[in-house]
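Quick notes on the structure that follows.
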Amino acid sequence: MGLFAITACGSRTGIESPLESGHEAAAQRCPGTQVGTLTKLADTGPGVVNVAIDTTSLYWREPGGAGLSVGLKKVPLCGGPVTVIATLPPQRSGPSVSPVAVYGQVVYVTSSAGLLSVPVTGGAPATLAARGAAAIAVSGVGIYWSTGLALLAMPLGGGVVTTVTDFGGNMIGDLALDATSVYWADQSGSGGYIFRAPLGSAATSAASSTLARLQVGEPYDFAVDGTNVYWSDAGGVMKAPSGGGAPVTLAARSLPAQDLGVDAVNVYWIEWESGALYGVPISGGAVATLATFSTPSPRPPSGFLPVSSGPIAADGTNVYFAVPERDGPGRIMRLTVR
C-alpha cells in the first residue's frame, strides 16, 4: 500500500496563526507557498519516521536493513536535491528506526557502531560513544541520549560519558531539553512517568523530580518549549508546567497520537490509524485536521515505532513530518501553517 496522495485540509489551518494574533513567524515562508500549502520534499525508503531541522535543511536517516548501508540524508527546507551526507555502518540485524538530531554544524545519529557525529556539509562519521541511542537531544550544554535502559550525557564533540540516570529495568523512552533541564519518560508498559533533572548534573533521587503520571500506558512522543512539557499517550495530548504542576488535557483522543511537535503557538501530532495530521493551540482550544493521507496507515510495525524527538519538526512557519510505509517508500512532507 502506498500513500500517493497527501492533502492539506483547506487553505486555512483552522488553528491559531501567530500572524493573526500579533506574533511574527519564526522562519520565512518558502516562495510560492501560502497557509495550508502541503509540499513533498523527498521520497524515502520504508520506515523513516524521525526528522531534524536547522535553519536551512531537513535531515533524516534511512534505516536500511540487515547488512545494508544506511544513508544520512538532507534536503533544503524549501525543496531541492536530496544529498547523502554520510554512509553509516550497517545494522546488525533487521530494520531499525534511528533518532537524528542537529545542533550547530553537526548532525548526531546512532548505528551499530554507537553514537556518531557527522558534519552538516558531509563527511566521515566520527564515533562519540560505543553505546547507541534510542533517543537523542542536543544543546550547548552537551549531548544527551537514551539507550533504552539508561540516560547518558557527554560534552559536545565527545568526552567523558556520564550516566544521568539508570532506571534499573524500566524503559526510558523519549527525551527533550530546554535551557535548564533534561526531561525523559519512563515507559514501563503499564503506565509511566515524566521526569526532569537539571542540565549538567547526574540525576540522583534528590536532583530529579516527577512532573506527571502518564494517563494510560507509555507516551508515544514528547516535546518541551521552555514553559511546558507536552506529551502524547493513549489518552490524548497533554501538557504540564516545566517546573511541575497539574497535567492539562489539550486533546482527548480515541486513537493514539503517535508523533508530536510544538512551536510557539500550536501542538501538532499524527494519528496513523486515522491517517491525519492534527493541531491544537498550546493554550487550549479546538482540534483542527491539518492534512490527511490518501488512506489511513496502519500503526507502524514495532521495529518502526518513533522513539525519539523529531517525528514532527516545526520552525514557526512550517511543520515537517515523515510518512512511513510498512512495505514501500515513504515521504518527507512540509505543511505551511502561517
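Structure summary
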{"quantity": "Residues V280, V141 arranged by fewest to most Cβ contacts within 10 Å", "calculated": "V141, V280"}
{"quantity": "Amide H partners (placed H, <5 Å) of L128, local residues excluded", "calculated": "L115, L116, S117"}
{"quantity": "In sequence order, calculated HN-Hα J values of region 242-254 (Karplus, 6.51, -1.76, 1.60; Hz; x Gly/Pro)", "calculated": "4, x, x, x, 6, x, 10, 7, 7, 8, 7, 10, 8"}
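Values quoted throughout were computed directly from the atomic coordinates according to the rules given, and no laboratory measurement underlies them. Computed from a predicted model, the values in this text were never measured in an experiment. When we count neighbours, we look across all protein chains shown, and the Cβ atoms used for this are built from the backbone with ideal geometry, even at glycine.
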